[in-house]
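Heads up: the structure comes next, in structure tokens.
The values are calculated or read from the model by the stated rules, or taken from the named source; none is laboratory data. Remember, it's a predicted structure, so these values are computed and weren't measured experimentally. No Cβ is skipped: glycine too gets one built from the backbone with ideal geometry, and neighbour counts run over all protein chains shown. The area values use the complete protein model at the heavy-atom level, side chains included, leaving out ligands, DNA and RNA. Shrake-Rupley method; radii C 1.70, N 1.55, O 1.52, S 1.80 Å.
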Amino acid sequence: MPEPFHPVPIPPTGPAPAPPGLRPDRAPSEPEAAPPAADLPPAGPDEVALLIDGRPAVVKKGTTVLEAAAQVGLIIPHYCYHPGLSVAGNCRMCLVEIEKMPKLQIGCATSAAQGMIVRTRTERVRATRTGIQEFLLINHPLDCPICDQAGECRLQQYEADYGKGYSRFDEEKVHFPKRYAIGRNVMFDAERCIKCTRCIRFCDEISRTGELTLLERGDHTIVGTFPGRPLDNLYSGNTVDICPVGALTWKPFRFKARVWFLRNVPSVCAGCARGCNVDLAEYRNRIHRMTPRVNMDVNRYWMCDEGRMSHAALDDRPRFEGPLLRAACATGPLQPAAWEEALDRAADLLREVADGSGRNALAGIVSARLSVEDLYMAKKVLGEAIGIPRLAVPPHESGEDDDLLIRRDRTPNARGAALIGLGAPDVRRVREILQDAASGRVRGLVVVGEDIMEAGIVAAEALDRLQALVVIDWWKSPTVDLAHVALPACGYGEFDGTLVNFEGRAQRARAAVRPRGEAEPVWRVLRDLGRRFGLGGEYATASGVFDEAAAVLPPIAGLSYRVLGSLGALVKGA
Amino acid sequence: MAFEPILLRNIAKPGSETIGSYLASGGYQGLRRVLKEFAPEAFVEEVKASGLRGRGGAGFPTGAKWGFLPKATDRPRYLCVNADESEPGTFKDRLLIEKDPHLVLEGIVLSAYAIRSGTAFFYIRGEFHEGARIFSRALEEARSGGFLGKNILGSGFNLEVIIYRGAGAYICGEETALLESLEGKRGLPRLKPPFPAVVGLYGCPTIINNVETLANVTLIAERGAAWYAGIGRPPKNTGPKLFCLSGHVKRPGVYEAALGVPLMELIHEYALGMMHPDRPLKAVVPGGSSMKILPASKCDVLMDFDSLAAAGTMLGSAGGFVMDSSTCIVDALLNIARFYAHESCGQCTPCREGTGWFVKVLRRLEHGEGRPGDVDLLLDVARKVEGNTICPFGEAIAWPVQSYVEEFREEFDDHVARRACPLARMAAS
Ligand SMILES: Cc1cc2nc3c(=O)[nH]c(=O)nc-3n(C[C@H](O)[C@H](O)[C@H](O)COP(=O)(O)O)c2cc1C
Ligand code: SF4
Ligand code: SF4
Ligand code: SF4
Ligand code: FES
């Protein structure tokens, strides 16, 4: 979902105003008598009290009329206002009546004042909205049938609410470029643009890259870039989200699905340690786009482009859809097998190593990309049931932390790994294990969610000496190609689980699509492997696993899926 | 026509733009007097007492505007001189800049002193190459004469004046667009509040005044508020005023008269009457292209702020254009509408879209392709622009549309009914 029509995030608990849905208040335009001033509630020293459509509101000084109205559940329609950007006041959709002011005033730029009497639903206000709609549409192409924005387009929405339903404009429209690649991932249709300047302000104020500007004047005004500097920054996709119409579209999503078919699943991006809150948009068991979901404590309204595109790996990377076994001799090809057979083989191989060379010849590499549930089961099964003495977590770092969202730590759950007791990601420990594998000291290795070939620490031949290489992963990595047993796991978007971001906020990632083939969540694969080493317990659902983890791990004591809700919760000591 | 020019007293002298000529006729005496006799605040009071109202268009009392500056501030204050003069029909500031730059500059120094500003910006319309050249020479002359720079006339007051040339956009005459442009940005009007007196250039308290306004300040310094307030129609319409007359008059030009001069006197005595004696007066726009039109029947008015307001229009920038009976009002409005469609900054919805719409409908009307309902459509669109925009540019086109249609409704309807321009004056485009 692009940014919600509601101007301020709705608090998860407490007496929140009715959820706005997609429709702003449909205004019955009955004239409202001015409520007596006595109705004004008392205001504190930093507050002002005002009446909006007769509803008493007490808001902090400096709050705008538009925001004050939202706080009492009245949505003043708006295009250019965005809670995360400076006020531009250019669309004029939010004009409302304020007593003692002869002209209508824009709600987005007018500060609420003590005793103010605001009317947002009078005939005059309504007629003005109709007028703004008409102005916005006279030069608009009405591409709705082929426009990706249709269905979540404010122009459509407000036209349904306030529009005339017919046009008085019988002239040639102004024409602009229609398929202009304004950036690497963003397509611009200048005819659909309503010049709200949200995209420009985003690039000036948030990404601080300043690629966009207005060019030309009057009804020839057009958003453009400077010569040789396309819209190309690490956060460019946000301009698409905040564009209230279909002017900016996200190239990877263009013409992929009509938005009303999409099912938005609230989740968390796994691209880095920030853990931006996202919606995964599913249609026909595919994730078609990832968009930021408002969480003022994590990502506010934004996410980065890399995260936004991260779901593509699910479809683009090679998968293996069922368990794979290496045939009788260790050099034979990998062949499909049934789950039970594969798990039995994995257990047998690991047991053979333990029996032949001792448990110290076993090691495990588990990923901080896995969820709390997965890692908890890894500790439980690999560490305790099988008794693998060394488990290491590889780091994945790239670049530097920036001052917006992106973290150098590209794993989403390093804090989770640490609080479970797996230690912080540590390349030295990983290297030691791999060197020991090359030298023959380690003879059995379990790799979960990592491609150990990726780091280039060891050559493929180095792993030749392993008696048992058991790999649990969601894609057919080069490591999988070397495995004796490869067990298919759910990829991002296919599992439910919890990720703890760098600030210690535990947040729920959710399954948006069914797993590919026979893939299973990692925690369940580990559970079933564990059963072969005497693991008890039920472990029927991800939330059940989390509950047990919460019961034994003090930092997450008291947390549950219900408590985490859609915005997550801080772990203790965060 | 007995008005002895005050503002224009020097312009006919050869070399009037030089400091020598200016000093010879008593120039910079007002500055000398004020620096010696007035504290800045006292001079603000003096200007208030003079009744001077801004000559840039809105007629806001100048002293009162200066009084809006925050009393205590640790930030610099700026004076911005609005020399962007671009309103069609208006060409008075240019005359002052080119012919008597020191009269303007003295007013700038005086005003900067009054508001305690150490830096003034002279924002001059890009097309005024000559004006910019002349004014920068005047700055040099004044600096060597001790009227500008450090310790002006030994008073301890310092002032630098920086000339900034616009890039040719009408909207940059709007005071907040001017500030944006000065800051090196696209000239888009700002939302108000905050007003420039509080948050202006580079976020600092700023006063914006028109060139002619500042020239008047020089007069007040020279001869005092009481003298000044005796000119025109006190108490609210005082002082001399430059009137621009163009259109169907015999001698178009800039004329100086006291505020309150009758419009018909301006036309017949100053501009020597109608260009073609056989074509009667049809209408006058007294205040520049953004003001409402007066049909001939309403032209018996006095040319001052309040008389014109009472007549339903405004003095504006006093750019008066006179139209005789050969004028097609639809064509005249189309001409103006094209200007506004071209100059709208494009920022806010009603103005950006409405200005273009006006042109399209008017062009059809004038070309004989009008349809029933077109005229009411114009009125309705104007009503939706008026009052709903970021800056007064919206009214600057909505008012002409409304008033031209209201005053000359029959002529508009006639265009529709005949499917042709009755005067067969097809617009060029
Ligand atoms: C569209 C528009 C254009 C304007 N152009 C000018 C101009 O060219 N020169 C000017 O002095 N004032 C112009 N103004 C008026 C200024 O905004 C401002 O009111 C004036 O400079 C204030 O000076 P004053 O108080 O000395 O009159 C314009 C206003 C608008 C809305
Ligand atoms: S931007 Fe909105 S109104 Fe315009 S074509 Fe797209 S869906 Fe339709
Ligand atoms: S492209 Fe979209 S966000 Fe940018 S100005 Fe146009 S409508 Fe607004
Ligand atoms: S009214 Fe016109 S000129 Fe003024 S800000 Fe709006 S679009 Fe720009
Ligand atoms: S939302 Fe207030 S003007 Fe656009």
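Return yes or no: is B:Gly27 surrounded by 16 or more Cβ atoms within 10 Å (Cβ to Cβ) and under 30 Å from B:Ala396 (Cα atoms)?
no
Which of the residues that make up region B:375-390 are in contact (Cβ under 8 Å) with a residue 12 or more places away in the chain and either open to solvent by 10 Å² or more (accessible area, probe 1.4 Å) or within 9 Å of chain A (Cβ to nearest Cβ) (or both)?
Within region B:375-390, B:Leu377, B:Leu379, B:Val381, B:Arg383, B:Lys384, B:Val385, B:Glu386, B:Asn388, B:Thr389, B:Ile390 meet the criteria.
Which ones in region A:44-102 are of a type in the set (Gly, Ala, Ser) and either part of a loop (DSSP other than H, G, I, E, B) or free of Cβ contacts under 8 Å to residues at least 24 places away in the same chain (or both)? I'd like the intermediate steps shown before the answer.
Going through region A:44-102, the residues of a type in the set (Gly, Ala, Ser) turn out to be A:44, A:49, A:54, A:57, A:62, A:68-70, A:73, A:84, A:86, A:88-89.
If the condition is that a residue be of a type in the set (Gly, Ala, Ser) and either part of a loop (DSSP other than H, G, I, E, B) or free of Cβ contacts under 8 Å to residues at least 24 places away in the same chain (or both), then A:Gly44, A:Gly54, A:Gly62, A:Gly73, A:Gly84, A:Ser86, A:Ala88, A:Gly89 are the ones that fit.
Can you tell me which residues in region B:338-367 are away from ligand 5 (no atom under 16 Å from the Cβ), among the small types (Gly, Ala, Ser) and more than 27 Å from B:Leu245 (Cα to Cα)?
B:Gly356
Filter region A:76-121 down to the residues that are touching a Phe, Trp or Tyr at 6+ places or on another chain (Cβ under 6 Å) and either within 16 Å of ligand 4 (Cβ to nearest atom) or away from every other protein chain (no Cβ under 13 Å) (or both) and list them by number. Full working, then the answer.
Here is the first cut: in region A:76-121, the ones touching a Phe, Trp or Tyr at 6+ places or on another chain (Cβ under 6 Å) are A:77, A:84, A:91, A:93, A:108.
Residues satisfying the conditions are A:Gly84, A:Cys91, A:Met93, A:Cys108.
Take the residues in region B:303-312 that are crowded, with 22+ Cβ neighbours inside 10 Å and either in contact with a Lys or Arg (Cβ under 7 Å, 6 or more places away or on another chain) or of a type in the set (S, T, N, Q) (or both), then tell me which one is farthest from B:Leu266 (Cα to Cα).
B:Phe305
So, in region A:198-213, of the ones that are away from ligand 2 (no atom under 16 Å from the Cβ) and crowded, with 18+ Cβ neighbours inside 10 Å, which residue ends up nearest to the other protein chains (Cβ to nearest Cβ)?
A:Ile200
Residues checked against (1) assigned to a loop (DSSP other than H, G, I, E, B); (2) not hydrophobic (A, V, I, L, M, F, W, C):
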{"site": "A:Ala506", "(1), (2)": "no, no"}
{"site": "A:Ala512", "(1), (2)": "yes, no"}
{"site": "A:Leu526", "(1), (2)": "no, no"}
{"site": "A:Lys572", "(1), (2)": "yes, yes"}
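Just a yes or no: is a residue in region A:82-100 surrounded by fewer than 17 Cβ atoms within 10 Å (Cβ to Cβ) and away from ligand 3 (no atom under 16 Å from the Cβ)?
Yes, that holds for at least one residue.
Just give me the residues in region A:335-389 being among the polar types (S, T, N, Q) and either in contact with a Ser or Thr (Cβ under 9 Å, 6 or more places away or on another chain) or assigned to a loop (DSSP other than H, G, I, E, B) (or both), in sequence order.
A:Ser367, A:Ser371
Quick check on my filter: what residues within region A:183-200 are within 22 Å of the chain's Cα centre (by Cα), within 12 Å of ligand 3 (Cβ to nearest atom) and charged (D, E, K, R)?
Answer for region A:183-200, where residues must be within 22 Å of the chain's Cα centre (by Cα), within 12 Å of ligand 3 (Cβ to nearest atom) and charged (D, E, K, R): just A:Arg198.
Consider region B:297-337. How many of its residues are charged (D, E, K, R) and either within 16 Å of ligand 5 (Cβ to nearest atom) or over 20 Å from the mean Cα position of the chain (by Cα) (or both)?
4
For region A:155-178, does any single residue satisfy the condition of being modelled with pLDDT of 95 or more, buried (at least 16 other Cβ atoms within 10 Å of the Cβ) and within 16 Å of ligand 4 (Cβ to nearest atom)?
yes
Of the residues A:Gly517, A:Gly491, only one is on the phi > 0 side of the Ramachandran plot and of a type in the set (Gly, Ala, Ser); which?
Details: A:Gly491 fails: on the phi > 0 side of the Ramachandran plot.
Testing whether each residue is on the phi > 0 side of the Ramachandran plot and of a type in the set (Gly, Ala, Ser) leaves just A:Gly517.
Give region B:313-326 a look and list any residue that's open to solvent by less than 20 Å² (accessible area, probe 1.4 Å) and more than 23 Å from B:Cys421 (Cα to Cα), or say none. Can you show your working first?
Start the filter on region B:313-326 by keeping residues that are open to solvent by less than 20 Å² (accessible area, probe 1.4 Å), which leaves B:313, B:315-320, B:322-324.
Scanning region B:313-326 gives B:Thr313, B:Leu315, B:Gly316, B:Ser317, B:Ala318, B:Gly319, B:Gly320.
Would it be correct to say that B:Lys48 is open to solvent by 40 Å² or more (accessible area, probe 1.4 Å), charged (D, E, K, R) and within 16 Å of B:Leu219 (Cβ to Cβ)?
So B:Lys48 passes the test.
Six or more apart or on different chains, Cβ atoms under 9 Å: show the pairs whose first residue is in region A:314-327 and closer than 16 Å to A:Glu520 by Cα and whose second is part of a helix (DSSP H, G or I) and of a type in the set (A, V, I, L, M).
Cβ pairs passing all conditions: A:Phe320/A:Val480; A:Gly322/A:Ala342; A:Pro323/A:Ala342; A:Pro323/A:Leu343; A:Pro323/A:Ala346; A:Leu324/A:Ala342; A:Leu324/A:Val480.
Please verify whether B:Arg143 is closer than 27 Å to B:Pro61 by Cα and either outside any strand (DSSP E or B) or aromatic (Phe, Trp, Tyr) (or both), treating the condition exactly as stated.
Criteria not met by B:Arg143.
With (1) surrounded by 16 or more Cβ atoms within 10 Å (Cβ to Cβ); (2) within 12 Å of another protein chain (Cβ to nearest Cβ); (3) more than 16 Å from ligand 1 (Cβ to nearest atom) as the list, and A:Gly218 as the residue in question, which single condition is left unmet?
A:Gly218 satisfies all of (1) surrounded by 16 or more Cβ atoms within 10 Å (Cβ to Cβ); (2) within 12 Å of another protein chain (Cβ to nearest Cβ); (3) more than 16 Å from ligand 1 (Cβ to nearest atom) except (3).
Report the residue count in region A:257-281 for those that are over 28 Å from A:Ala414 (Cβ atoms), touching a residue at least 60 places away in the same chain (Cβ under 8 Å) and in contact with a strand residue (DSSP E or B) (Cβ under 7 Å, 6 or more places away or on another chain).
Final tally of qualifying residues: 1.
Output yes when any residue across region B:295-317 is under 21 Å from B:Ile171 (Cα atoms), of a type in the set (Gly, Ala, Ser) and at pLDDT 95 or above, and no when none is.
Taking every residue of region B:295-317 in turn, at least one turns out to be under 21 Å from B:Ile171 (Cα atoms), of a type in the set (Gly, Ala, Ser) and at pLDDT 95 or above.
With B:Leu95, B:Leu153, B:Leu110 as the choices, which residue is open to solvent by less than 20 Å² (accessible area, probe 1.4 Å), away from chain A (no Cβ under 14 Å) and not in a strand (DSSP E or B)? Give the steps one after another, and end with the answer.
Numbers: B:Leu95 fails: open to solvent by less than 20 Å² (accessible area, probe 1.4 Å); B:Leu153 fails: open to solvent by less than 20 Å² (accessible area, probe 1.4 Å).
Only one candidate passes the filter, namely B:Leu110.
Scan region A:59-75 for residues that are among the hydrophobic types (A, V, I, L, M, F, W, C) and within 14 Å of chain B (Cβ to nearest Cβ) and report the count.
Counting residues in region A:59-75 that are among the hydrophobic types (A, V, I, L, M, F, W, C) and within 14 Å of chain B (Cβ to nearest Cβ) gives 2.
Taking region A:305-332 on its own, how many of its residues are over 23 Å from A:Tyr235 (Cα atoms) and either modelled with pLDDT of 95 or more or in contact with a Gly (Cβ under 9 Å, 6 or more places away or on another chain) (or both)?
So the first thing to find is which residues in region A:305-332 are over 23 Å from A:Tyr235 (Cα atoms), and the list is A:317-332.
With either modelled with pLDDT of 95 or more or in contact with a Gly (Cβ under 9 Å, 6 or more places away or on another chain) (or both) added as a condition, the list becomes A:317-326.
Residues in region A:305-332 being over 23 Å from A:Tyr235 (Cα atoms) and either modelled with pLDDT of 95 or more or in contact with a Gly (Cβ under 9 Å, 6 or more places away or on another chain) (or both): 10 in total.
Taking the condition of being within 11 Å of chain A (Cβ to nearest Cβ) and over 21 Å from A:Glu171 (Cα atoms), how many residues in region B:320-347 meet it?
So the count comes out to 2.
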